[in-house]
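These notes are about the structure you will find just below.
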Amino acid sequence: MSAPSHDMQSDSRTVPSSVDVVIVGAGLSGMYMLHKLREMHLSAVVFEAGTDVGGTWYWNRYPGARVDVESLAYSYSFSEELEQEYEWQERYPTQPEILRYAQHVADRFDLRRDIFFRTRVTAAMYGEDGRTWLVRTEHGDAVTARFFVMATGCLSSSKLPEIPGLDRFKGATYHTAHWPHEGVDFTGMRVGIIGTGSSGVQSIPVIAAQAADLTVFQRTPAYSLPARNRRLRPDEIADMKANYRAFRKAQKESGFGLPTPIATKSALEVSEEERNAAFEQAWESGSLVNLLTAYVDLAIDQKANDTAKRFIHSKIHQIVKDPQTAAGLCPEYPVGTKRPCLDTDYYETYNRENVHLVNLRRTPILEIAEKGIRTSDKEYAFDAIVYATGFDAMTGALTNVDIRGRGGISLKETWHAGPRTYLGISSAGFPNMFMITGPGSPSVLSNMMVSIEQHVDWVIDAIEHLDHHGLTTIEPTGQAQEAWVDHVNLIASYTLYPKANSWYMGANVPGKPRVFMPYAGGVGEYRKKCDEIAAQGYEGFALSP
Ligand code: N01
């Protein structure tokens, strides 16, 4: 596998032996956490495996990578100066543009001086006597801290497919989440790509335009909408900047962290004509949320959802000229139950003569061979293979670190039947450890920026509360945690989400328990709940002196 081209020497600065807070990860959540802790005059270090800030946007450099939330909404709200001075270029910014934003924030708030790059955290252990965490890194550093924050992201533990022969292929291989920093030139190459989630859907059109030949190996098709990306107009930037406070408030109170009109009707109570007009409007708008929230029951009623499914199927058949290829691209699971995608010319790409779709449901991959990929039907020869095969989502980055709580209990073992958290922020048995956008919170079902800021602010308030009241530890009670896990499951059971084999359910990782991991009750409701719990003296948490 071609690795990112940064050197892996350790940071030459000395790591402090003791701080108030250790943060793991210098992505958008770790950066904000550090900034807020500094405002409280607490000492903190951040350990980051990469060579720079940016997290997701540092690692995922595949061609065509963009965010599918609009730039003006996918940005920090904590600093009005930052909001006003930053100039976003595109409606849906590219990975380089978002990385530049993260780097700008790091410079502007002088964050890098407390971040140790090229440093992976390997273990963290809670010591009951001293009530501190001992955090260890791959370079042998050992730091004690009162608080331990995993700001490791929901989609950061990448995954190769479980296919025999991965090492056998003699050509170049790439994973979308570990793309070489200098980029890849596929000109003249025969390329195979496995995976048609968001990363595949975004990279396929760009690779197809460059490569001599591209073969897409698809196990499950994605629902994708055209992004209708464009450069931002000065007037819309000015308008947003003039109204940012009201917009941020609306974001916080919304379902997905993005203000949308509240639907009042069922998809089944309107005529087909009216419904298709509404779907058409959403399709034209280039916004996933507009489609998903067009009717009140799309996420909860199969028949209502089928109407959106039929609409998208008809779009695919209109765009893709070969009827068999079009049929192969039409998903059967309910719309929105696997993460839908936003694309630029995705379906159109299948009209190119140099692009071929292989349906793995019909002809599964048997092995990766020396020269390419062998399915049950034939062997395909390639110069390069791209794995767009996703992540051990939501829990992978947390359980990859050997985290030990009270009595040495392991987080990984404690979660063997699925993650157990209170509010997706903390877990019983792991005092003073916080997860930013952990399982059991809206996280991946929301505009991550909104959820990141909410969690960091909540954690900061909790630490302030402890310090103000002379308390040392905060930890959820087992009872509150079980009630929260039940609540998360109950909300999910009202929806169609559990009907798909998605990474939300852990279904993409063999042996991973099938549990719906994010909280589906909406960002606004969730925030209210978190605020109420804090206002009631951190109800459901044990606080000790
Ligand atoms: O990963 P995925 P991703 N044989 O898990 C297939 C966010 N994101 O990196 O569905 C054959 O979605 C797998 O097939 P199946 C976003 O939240 C956002 O694309 O398991 N195929 C699937 O098609 C997104 O959801 C943005 O049957 C195999 C694909 O690989 C999340 O990241 C951009 C296989 C994996 O898709 C993850 O997206 C990019 C096998 N053995 C990512 N194993 C934007 O903001 C896996 N697959 C736009």
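The values are calculated or read from the model by the stated rules, or taken from the named source; none is laboratory data. This structure is a prediction, so every number in the text was calculated from the model and none was measured. FYI the Cβ positions are ideal-geometry reconstructions off the backbone, even for glycines, and counts take in every protein chain you see. Note: areas computed on protein heavy atoms with side chains; ligands, DNA, RNA excluded. Shrake-Rupley method; radii C 1.70, N 1.55, O 1.52, S 1.80 Å.
Among the residues of region 183-206, what is the count of those that are in contact with a strand residue (DSSP E or B) (Cβ under 9 Å, 6 or more places away or on another chain), within 14 Å of the ligand (Cβ to nearest atom) and of a type outside the set (S, T, N, Q)?
Final tally of qualifying residues: 9.
It is to be established whether one or more residues within region 196-215 are surrounded by 20 or more Cβ atoms within 10 Å (Cβ to Cβ), on the phi > 0 side of the Ramachandran plot and in contact (Cβ under 8 Å) with a residue 12 or more places away in the chain.
Checking region 196-215: not a single residue is surrounded by 20 or more Cβ atoms within 10 Å (Cβ to Cβ), on the phi > 0 side of the Ramachandran plot and in contact (Cβ under 8 Å) with a residue 12 or more places away in the chain.
Quickly run through region 344-358 and pick out the residues that are part of a helix (DSSP H, G or I) and either open to solvent by 20 Å² or more (accessible area, probe 1.4 Å) or more than 11 Å from ALA208 (Cβ to Cβ) (or both).
Passing the criteria: TYR347, GLU348.
Taking HIS317 as meeting all but one of (1) in contact with a helix residue (DSSP H, G or I) (Cβ under 8 Å, 6 or more places away or on another chain); (2) outside any helix (DSSP H, G or I); (3) surrounded by fewer than 20 Cβ atoms within 10 Å (Cβ to Cβ), write down the number of the exception.
Among (1) in contact with a helix residue (DSSP H, G or I) (Cβ under 8 Å, 6 or more places away or on another chain); (2) outside any helix (DSSP H, G or I); (3) surrounded by fewer than 20 Cβ atoms within 10 Å (Cβ to Cβ), the lone unmet condition for HIS317 is (2).
Can you name every residue in region 44-58 that is open to solvent by 10 Å² or more (accessible area, probe 1.4 Å), closer than 17 Å to TYR101 by Cα, away from the ligand (no atom under 16 Å from the Cβ) and not acidic (Asp, Glu)?
Result: THR51, single match.
Give region 163-181 a look and list any residue that's part of a loop (DSSP other than H, G, I, E, B), surrounded by 15 or more Cβ atoms within 10 Å (Cβ to Cβ) and within 16 Å of the ligand (Cβ to nearest atom), or say none.
Once the filter is applied, which keeps residues that are part of a loop (DSSP other than H, G, I, E, B), surrounded by 15 or more Cβ atoms within 10 Å (Cβ to Cβ) and within 16 Å of the ligand (Cβ to nearest atom), region 163-181 yields ILE163, LEU166, PHE169, TRP179.
So is VAL515 in a loop (DSSP other than H, G, I, E, B) and within 16 Å of the ligand (Cβ to nearest atom) or not?
no
Might you check whether a residue that is more than 16 Å from the ligand (Cβ to nearest atom) and either assigned by TED's automatic domain parsing to the domain that holds ASN432 or open to solvent by 10 Å² or more (accessible area, probe 1.4 Å) (or both) occurs anywhere in region 59-69?
no
What about ALA299, is it away from the ligand (no atom under 16 Å from the Cβ), closer than 20 Å to LEU496 by Cβ and not in a helix (DSSP H, G or I)?
yes
Hey, does region 112-120 have a residue that's open to solvent by 20 Å² or more (accessible area, probe 1.4 Å), at pLDDT 95 or above, within 16 Å of the ligand (Cβ to nearest atom) and not acidic (Asp, Glu)?
no
Could you check region 283-297 and list, in sequence order, the residues that are closer than 15 Å to HIS313 by Cβ and out of contact with any Lys or Arg (no Cβ under 9 Å at 6 or more places or on another chain)?
Within region 283-297, just LEU291 meets the criteria.
Return yes when VAL184 is among the β-branched types (Val, Ile, Thr) and surrounded by 23 or more Cβ atoms within 10 Å (Cβ to Cβ) and no when it is not.
No.
Hey, among the residues in region 480-535 that are of a type in the set (S, T, N, Q) and either more than 18 Å from the chain's Cα centre (by Cα) or open to solvent by 70 Å² or more (accessible area, probe 1.4 Å) (or both), which one's nearest to THR414 (Cα to Cα)?
Step by step, filter region 480-535, then rank; the result is GLN481.
Would a scan of region 251-270 turn up a residue that is open to solvent by 40 Å² or more (accessible area, probe 1.4 Å), assigned to a helix (DSSP H, G or I) and either at pLDDT 95 or above or touching a helix residue (DSSP H, G or I) at 6+ places or on another chain (Cβ under 6 Å) (or both)?
Yes, there is a match, as at least one residue in region 251-270 is open to solvent by 40 Å² or more (accessible area, probe 1.4 Å), assigned to a helix (DSSP H, G or I) and either at pLDDT 95 or above or touching a helix residue (DSSP H, G or I) at 6+ places or on another chain (Cβ under 6 Å) (or both).
Would you please name the residue that is most open to solvent (accessible area, probe 1.4 Å), looking only at residues in region 322-343 that are charged (D, E, K, R) and either closer than 25 Å to PRO63 by Cα or not in a loop (DSSP other than H, G, I, E, B) (or both)?
Per the stated criteria, the residue is ARG339.
Contact list please: Cβ distance under 7 Å, first residue in region 387-405 and free of Cβ contacts under 8 Å to residues at least 60 places away in the same chain, second residue away from the ligand (no atom under 16 Å from the Cβ), pairs at least six apart or on different chains.
As it stands, the answer is THR399/LEU411; THR399/LYS412; THR399/TRP415, since those pairs meet every condition given.
Taking MET125 as the residue in question, decide whether it is in contact with a Lys or Arg (Cβ under 8 Å, 6 or more places away or on another chain) and at pLDDT 95 or above.
Criteria met by MET125.
Give me the residue from region 222-250 that is within 15 Å of the ligand (Cβ to nearest atom) and open to solvent by less than 20 Å² (accessible area, probe 1.4 Å) and, out of that set, nearest to GLN84 (Cα to Cα).
The residue in question is ALA227.
Scan region 317-358 for residues that are touching a residue at least 24 places away in the same chain (Cβ under 8 Å) and within 16 Å of the ligand (Cβ to nearest atom) and report the count.
Adding up the residues that qualify gives 24.
Hey, can you tell me all the residues within region 502-526 that are charged (D, E, K, R) and more than 10 Å from ILE491 (Cβ to Cβ)?
LYS512, ARG514
Restricting to region 393-423, give me the number of residues that are of a type in the set (S, T, N, Q), surrounded by fewer than 22 Cβ atoms within 10 Å (Cβ to Cβ) and out of contact with any helix residue (DSSP H, G or I) (no Cβ under 6 Å at 6 or more places or on another chain).
Residues flagged as of a type in the set (S, T, N, Q), surrounded by fewer than 22 Cβ atoms within 10 Å (Cβ to Cβ) and out of contact with any helix residue (DSSP H, G or I) (no Cβ under 6 Å at 6 or more places or on another chain) within region 393-423 amount to 3.
Take the residues of region 337-375 that are within 26 Å of the chain's Cα centre (by Cα) and of a type in the set (A, V, I, L, M): which is nearest to ALA222 (Cα to Cα)?
Out of the qualifying residues, it is LEU342.
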